[in-house]
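Derivation of every value follows stated rules applied to the coordinates shown; laboratory data play no part. The structure presented is a predicted model; accordingly, all values stated were derived computationally and were not measured. Quick reminder, even Gly has a Cβ in these numbers, built from the backbone with ideal geometry, and neighbours come from all protein chains shown.
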Amino acid sequence: MKRLFALLSLLVVASMLFAACTPAATEAPAGNESPAATDAPAATDAPAATDAPAGAAYECTDALGCVTIAPDEPVHLAYWGVLSGPDSSLGEDSKRGVEIAIDDRGGKIFDHDILLTTEDAGCTPEGGATAAAKLATDTSLVGLIGSSCSDETVGGIATITNAGLLTISPSNTRPVLSDPNRGPDYAGYMRTAHSDAFQGKAVAEFAYNELGARKAATLHDGSAYAEALQQVFADNFVALGGEIVAQEAVAKDATDMKPVLTTIAAAQPDFFYYPVFVAVGGYVTAQIRDVAGLEEVPIAGSDGIFTADLLKGAGANVEGMYLSSPDFSAFTGDYAGFIEKHEAKYGGSTLSTFHAHAYDAANILFAALEQVAVVQDDGTIYVPRQALRDAVYATKDFKGITGTLSCSPSGDCGAPVIAMYQVVNADPASWNPADAANPNPKKIWP
Amino acid sequence: MRTRLSERLLDLAVSGFLWGFRILIVSAIVIGTVATIRAGKYTGEQWIDFVVFGISQGSIYALIALGYTMVYGILRMINFAHGEIFMSGAFSAYFLATWLNGTGFIDSNPILGLLIPILFAMIMSAAIAMLVERIAYRPLRGAPRLVPLISAIGASFFLQYTFRGFFGPGVYAYPPIKALEGEWNLFGFGILKVQIIVAVSAAVMMAILYSIVQLTKVGKAMRAVSEDKDTAALMGIDVNRIIVTTFAVGAAMAGAAGVLYSLIFRQVGFLMGFTPGIKAFTAAVLGGIGNIPGAMVGGLVLGIFESIGPSLFLEGLGITRPYQLKDVIAYTMLVMILLFRPSGILGERLTKKKA
């Protein structure tokens, strides 16, 4: 994969250049609009000419321009996120949420088919930048759902925002992504996932109050998600009166965890938290009980490894592990109905955590589209891009599955209720957090 | 005269810089080590653990590195698909071992349960490597050097994504061998059984390989081809056959390494070959590429440094989260070797014809 790295980095450079150029490109038409009357350049003439036969009545005045959808064209959305590699369940799970949301509408909006395409971002900043660069060139796109991993957003969001697109992420949880001071690159970014400011706090409270832990150790894999989450946990744990005895990190492709675990064992923690992704999570869990001093310590992870794939890699040690996740039982919407549709369409249990968040994200996007899109008599649709963003930001008391959602001015649309689950069976086939009688993992707190 | 003076000044500056660099690295290591040892964070047992972890990881690097080094020795090409040969070995062993585990065979015969998957992985890896050689390398034998290299990268991707296509992007857990769980007590230290088994099997495998190369007729032929292909052909050696044999033997080692790796890390996935492949390539260069004992030494040195380095000298230097820099240690070593001893730890100076 990293053999691609040279190529990828070229692409990243290219996309940076692209991102650097795009504002100029979007400014240009905006700047051209007023002098258009005096000396219309050929470039502004051309789109006007193609628009004319379809729907001459509508003139796009949106600051970011409009997407034009001809009567026989589909409304094009894209899902971007991790669809390959060890974390593919996370992305695939969210993609299914979007697909179910589309099915619920009969696959149509304004009597146009909905076309969903996907772009793999590989759960890395480079992958996010590459995917974003590809998406930014597609002028038929109305909006995006994604990304899966916070790293992908960090890598790609500037390109997406500058292309005039918006994206609603069902599963990014890094706190700063929806920080009020997040900067103009994030103008096109919203999320239905919770911020880890809540999740880290919940895990700290669970460890300190429920397990009685006083000396915690953390490990992260260098990803934007894990690095921030373990820090939020550490800050809250210290605020509660606990002590952080070790904060270590490994590379995302590391496999031999025994040396780093030995270092952690030397600090003698009574609680070990590693909110990482599937690859590192599996290796750590598989190896941890072999390290002298860590045979008995309680272990915990978070939503990034809330998937049966963790069980596949981790083996028997995973039994008894704690995992934090959005509290499925606190979802106020019709989650049971969603699970039925999921079962009917795909069979089997949900793959990861954020399918319901993805379903809500897609529906928020559809609701905003229905508000702002201009439909001509002949079926041509115009979607003003800035107005679409504004409509998503203005979402208020939206009845979703995960709760009643309202978006903040910095793009936080989630309804964060976090619970701790415990893995009760190490067999991946037994994974089913939604099972009423025999859930695995099982909710234990609060 | 003047140009000569400036040239000499430049030479002086360069060698001064290199010496400075050497002194910097060495003193950083020494200072860090002293600081860590004085801090006394780790017990003697933990240091032994670091070394043991390093040896088992290093012997796997060494096994993979053998394939790189043998192919380089004979063809002067880097077989970048070698990491994927390793991966395919691990996959074949995984399927066989899972099936055997299902029948209860592994629990009742732990030794055979270890050996049969290793043998199967060796055969499968060798077969795939021979196919790759036949399809992707042999038609390009006479082409400029860059061409087979690119072809190797292509073969690597092809294998990766073929496996992905068949077995999906997720990871599989290698079935545990119950008899290998727990520790053995050696010299008063508890050492994980699986680590010992891995190190010993790797050592045995390397000993067999080394005796094949040194003592048998095929080995002699390999050495002859590596020395000079044309002359070897004139002496009646079937060069093509020897090249295929080399690929197969190197791949068998990688296949065995794949099983040992799965025993330690318990995960099998389609991308698993990449990092170990690159590390093993580093190990091969470290030891002196083209040199078989060099690959073994390079693998062990790399494994031990990676395992012990972060806690030994990076931590002492006050670097937080030192384990993130594990790869930095590996690649710094590579750069150092390329700068100061380009032929590697055990490598000989290459003759014009070889280089």
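Taking other C-beta atoms within 10 Å as the exposure proxy, A:His220, A:His357 rank A:His220, A:His357 from fewest upward. Our coupling estimate for the stretch B:322-332, obtained by passing each phi through the Karplus curve with A = 6.51, B = -1.76, C = 1.60 and θ = phi - 60°, is x, 6, 5, 9, 4, 5, 4, 4, 4, 7, 5 Hz, Gly and Pro reported as x.
Of the DSSP beta bridges with both residues in the protein assembly as shown, give the percent that are antiparallel, rounding to the nearest 5. Could you put the intermediate results ahead of the total?
Working: 26 of 57 bridges.
Of all bridge pairs located within the protein assembly as shown, approximately 45 percent are antiparallel.
Excluding same-chain neighbours fewer than eight residues apart, the aspartates and glutamates reachable from B:Lys326 by a Cα-Cα span under 15 Å are A:Asp221, A:Glu248, A:Asp253, A:Asp256, B:Glu306, B:Glu315. Each Lys and Arg contributes +1 and each Asp and Glu -1, all at the Cβ; summed about the Cα centre of the stretch B:7-74, the dipole is approximately 160 debye.
Exceeding 25 Å between C-alpha atoms, which entries from my cross-link table qualify? They are A:Lys201/A:Lys443; A:Lys312/A:Lys443; A:Lys134/A:Lys399; A:Lys312/B:Lys193; A:Lys252/B:Lys193.
A:Lys134/A:Lys399; A:Lys252/B:Lys193
For A:Ser325, the residues whose amide H sits under 5 Å from its own are A:Ala419, A:Tyr421, ignoring neighbours fewer than 5 places away on the same chain, with H placed 1.01 Å from N. Remark: B:Leu271, A:Leu229, A:Leu115 ranked as A:Leu115, B:Leu271, A:Leu229, counting other beta-carbon atoms within 10 Å and listing the fewest first. The alpha carbon centroids of the stretch B:173-232 and the stretch B:76-112 are separated by 15 Å.
When A:Ser171, A:Ser84, A:Ser147 are arranged by Cβ crowding within 10 Å, least crowded first, meaning fewest neighbours, the order is A:Ser84, A:Ser171, A:Ser147.
Once a ≥ b ≥ c are taken as the square roots of the eigenvalues of the Cα gyration tensor of the protein assembly as shown, is the result rounded (a/c under 1.5), prolate (a/b larger than b/c) or oblate (a/b not larger than b/c)?
Working: a/c = 1.79, a/b = 1.42, b/c = 1.26.
The shape class here is prolate.
Taking the Cα centre of the protein assembly as shown as reference, the dipole from Cβ charges on Lys and Arg (+1) and Asp and Glu (-1) amounts to some 4300 debye. Rounded to the nearest 10 degrees, the angle from helix A:355-372 to the longest Cα principal axis of chain A is 20 degrees. Placing unit charges on each Cβ (+1 for Lys and Arg, -1 for Asp and Glu) gives the protein assembly as shown a dipole about its Cα centre, and among A:Val75, B:Tyr331, B:Phe187 the Cα reaching farthest toward its positive end belongs to B:Phe187.
Show me the ranking of peptides B:129-138, B:100-109, A:270-279 by mean Cβ neighbours inside 10 Å, starting with the highest.
Details: B:129-138: 18.9, B:100-109: 14.5, A:270-279: 27.4.
Averaged packing, sorted descending, gives the order A:270-279, B:129-138, B:100-109.
The mean number of partner chain beta-carbon atoms within 10 angstrom of a residue's beta-carbon across peptide A:386-397 is 0. Residues whose amide H comes within less than 5 Å of that of A:Leu115, counting only those at least five positions distant or on another chain, are A:Val75, A:His76, A:Leu77 (H built at 1.01 Å from N in the peptide plane). Inter-chain Cβ neighbour count for B:166-178, averaged per residue, equals 5 (cutoff 10 Å, partner chain atoms only). A protection proxy built from the mean count of other Cβ atoms within 10 Å ranks the segments A:137-143, B:289-295, A:90-96, most packed first, as A:90-96, B:289-295, A:137-143.
Shielding by partners for peptide A:274-282, expressed as the average number of C-beta atoms from other protein chains within 10 Å of each residue's C-beta, is 2.
Subtract the Cα-Cα distance of B:Thr43 and B:Asp228 from 0.36 nm times their separation in residues, and report this length gain in nm to one decimal.
Working: separation 185, 0.36 × 185 = 66.60 nm, distance 5.24 nm.
Fully extending the segment from B:Thr43 to B:Asp228 adds 61.4 nm.
Let me make sure I get this right: for chain B, a, b and c are the square roots of the gyration tensor eigenvalues over alpha carbons, sorted descending. Under 1.5 in a/c it's rounded, otherwise prolate if a/b > b/c, else oblate. Which is it? Before the final figure, lay out the partial values.
Values: a/c = 1.89, a/b = 1.07, b/c = 1.76.
Cα axes put chain B in the oblate bin.
For the stretch A:111-254, the dipole from Cβ point charges (+1 on Lys and Arg, -1 on Asp and Glu) about the Cα centre works out to 360 debye, to the nearest 20.
Karplus-derived 3J(HN,Hα) values for the stretch B:206-222, using 6.51 cos²θ - 1.76 cosθ + 1.60 with θ = phi - 60°, are 5, 5, 4, 4, 4, 5, 4, 5, 8, 10, 9, 5, 4, x, 4, 4, 4 Hz; glycine and proline are entered as x. The long axis of helix A:335-346 is offset from the longest Cα principal axis of chain A by roughly 80 degrees. Between A:Asn432 and A:Asn440, the built amide H atoms are under 5 Å apart, and every one of these is 5 or more places off in sequence or on another chain. Pull up the cross-link candidates among the lysines for B:Lys217, meaning alpha carbon to alpha carbon under 26 Å and not fewer than 8 places away within one chain. Cα-Cα hits under 26 Å: B:Lys229, B:Lys353, B:Lys354. The length gained by stretching the chain between B:Tyr161 and B:Val14 to full extension, at 0.36 nm per residue less their Cα-Cα distance, is 48.4 nm.
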